[in-house]
Amino acid sequence: MINLKNLEVWFITGSQHLYGEETLRQAAQHAEEIAKFLDQSEQIPVRVIFKPIVKSSDEIYATIAEANQSPNCIGIVTWMHTFSPAKMWIRGLNILNKPLLHLHTQFNRDIPWNEIDMDFMNLNQSAHGDREFGHICAKLNIQRKVVTGFWQAEKVIHQINVWARASAAWHDWQGAAFARFGDNMRFVAVTDGDKVAAEAKFGFAVNTYAVGDLVQQIDQVTEAQIEELIAVYESEYTLADDVKADGSKRQSLKDAAQIEIGLRNFLKAGGFKGFSNTFEDLHGMKQLPGIATQRLMHEGYGYAGEGDWKTAAIVRAAKVMGAGLPGGNAFMEDYTYHFDPQNSMVLGAHMLEVDPALASGKPRLEVHPLGIGGKEDPARLVFDAPGGPALNASLVDMGSRFRLVLNEVEAQEVTQPLPKLPVARVLWKPLPDMETGCSAWIIAGGAHHTVYSQNLSAEYFQDFSRIAGIEFVKIGKDTKLDQFENELKWSEVYYHLQK
């Protein structure tokens, strides 16, 4: 469902006519070699397209205008091989509507001590050419990522990869549609928000669809389609005895399969990239979609429960950023705490809907009562997530702006059997510690719903927030609560003045 190789970033190199044809020819050759190297890197998931070097205001404007209009171009990488007077860039930068990465590098890694002369110096002027470009970006308040280092260095390639994935997620949001079945969970604040402001800021649309419209799709599913999907269940998961062919809860499994097929058909027909629902509005459905939601998330759809369209959108963005990387990104909720002073942890779960991409082993397919929602027993995938570095991120509407709150965590192996909790389970320790991590999250207004990521670092979400032009709040190993509170106050002033 998510193929990043269809996307492009354009490599644009700045120079000027001052240096003569031979210097410009060498600059173009060097730029093309760098672009080709990045394009062939296995770490960078999108195409890197070399563009002819730009030497005048008109050439810069034309190239950026073309990038703006290209449907596959998700951002531009700029590099000043020589000195490129920054006034030439003003018109182009003023119309740029794609993400920008400024690569501060030079073609040669080392100074050729015995051969260096003024011809070499005239050609290899990135040390001050990029400063000139950086100045005009700062003066025009152009949001961008700056990456410094030799273009073949592993760290540089990693940073470009992170930015490219964040740019792909931003591109994916433009014109995206998210379906909201029913409304928000009643009286809940954080899962609601201003959908008009979100569309203006983020480029995606959220609209509500009656559950009855979904039920119509579910009712059209045939018995043959149901049996075909159940065969998939039987091959991919370990089925509990009571949901096997002659089991007492086999019908519940068939009902769940019917819901999955109908829901997938609805989403495909509408071109949706994610959805939300609520257990308070299931009229006409036999059970809350459990395995259906889990499997659709695994395919790449964004999702969040209880009408939480913002989390559904950020789950989708995380899935785009993490496409092809080991590990998963899933809808998550901080459910309950383990306050052992020697081993404090959070148990993350949800009623049913956690993506099996997180699973450490083969999930079990089970049917159990839910105890909420007043419907029949739903089918779900039960599994534990592995330990390792991870994070939780939450997109919240603060009224005057959107804020993305992130907490780095250390996931823990689930060592207890939890025989009476038949849902997907994740354990983690918030950084820097339980008290600071949880307190900082609450002070920042983070939601109880998050995207839980096993394969993305804070840098991805920071790049994404910079591209989106929203506030980014990180809670990690170095967070100190008093300093954190002051930073939130300073941020409040900044966004008030910016507005």
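Select from the range 268-304 the residues that are out of contact with any His (no Cβ under 7 Å at 6 or more places or on another chain), among the hydrophobic types (A, V, I, L, M, F, W, C) and more than 24 Å from GLU234 (Cβ to Cβ) and list them in ascending order. Listed by number, the residues that qualify are ALA269, PHE272, PHE275, PHE279, LEU282. Just one of the listed residues (THR191, THR222, THR208) is in contact with a His (Cβ under 7 Å, 6 or more places away or on another chain) and not aliphatic (A, V, I, L, M), namely THR191. Being at pLDDT 95 or above and under 26 Å from ILE314 (Cα atoms) holds for only one residue in LEU229, LEU282, LEU263, LEU239, and it is LEU263.
Quick check on my filter: what residues within the range 8-27 are of a type in the set (A, V, I, L, M) and modelled with pLDDT of 95 or more?
VAL9, ILE12, listed by residue number.
The helices (runs of 4 or more DSSP H) located wholly in the range 89-159 that include 2 or more residues which are of a type in the set (D, E, K, R) and in the same structural domain as PRO71 (by TED's automatic domain parsing) occupy 126-139.
Scanning the range 244-258 for residues that are surrounded by fewer than 16 Cβ atoms within 10 Å (Cβ to Cβ), at positive phi and not in a strand (DSSP E or B) turns up nothing.
If the condition is being among the small types (Gly, Ala, Ser) and either assigned to a loop (DSSP other than H, G, I, E, B) or touching a strand residue (DSSP E or B) at 6+ places or on another chain (Cβ under 7 Å) (or both), then the range 42-81 contributes SER56, ALA67, SER70, GLY75. Residue under question is ILE136, and the condition is that it be β-branched (Val, Ile, Thr), at pLDDT 95 or above and crowded, with 22+ Cβ neighbours inside 10 Å; does it hold? Taking the combined requirement at face value, the residue does not satisfy it.
Does the range 248-259 include one or more residues that are free of Cβ contacts under 8 Å to residues at least 24 places away in the same chain, more than 28 Å from GLN216 (Cβ to Cβ) and assigned by TED's automatic domain parsing to the domain that holds GLY374? Within the range 248-259, one or more residues are free of Cβ contacts under 8 Å to residues at least 24 places away in the same chain, more than 28 Å from GLN216 (Cβ to Cβ) and assigned by TED's automatic domain parsing to the domain that holds GLY374.
Rundown of residues vs (1) surrounded by fewer than 18 Cβ atoms within 10 Å (Cβ to Cβ); (2) farther than 20 Å from ALA28 by Cα; (3) acidic (Asp, Glu); (4) under 32 Å from the mean Cα position of the chain (by Cα), yes/no style:
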site	(1), (2), (3), (4)
PRO99	no, yes, no, yes
GLN106	no, no, no, yes
PHE120	yes, no, no, no
HIS128	yes, no, no, no
ARG144	no, yes, no, yes
ILE160	no, yes, no, yes
TRP170	no, yes, no, yes
TRP173	no, yes, no, yes
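For the range 273-286, taking the residues that are of a type outside the set (D, E, K, R) and surrounded by fewer than 22 Cβ atoms within 10 Å (Cβ to Cβ), the one that is nearest to PRO422 (Cα to Cα) is identified as PHE279.
Considering every residue within the range 191-209, establish whether at least one is in a loop (DSSP other than H, G, I, E, B) and under 28 Å from LEU7 (Cβ atoms). Yes, the conditions are met somewhere in the range 191-209.
The values are calculated or read from the model by the stated rules, or taken from the named source; none is laboratory data. The structure displayed is predicted, hence computed values, not measured ones. All Cβ positions, glycine included, derive from the backbone under ideal geometry; neighbour counts span all protein chains shown.
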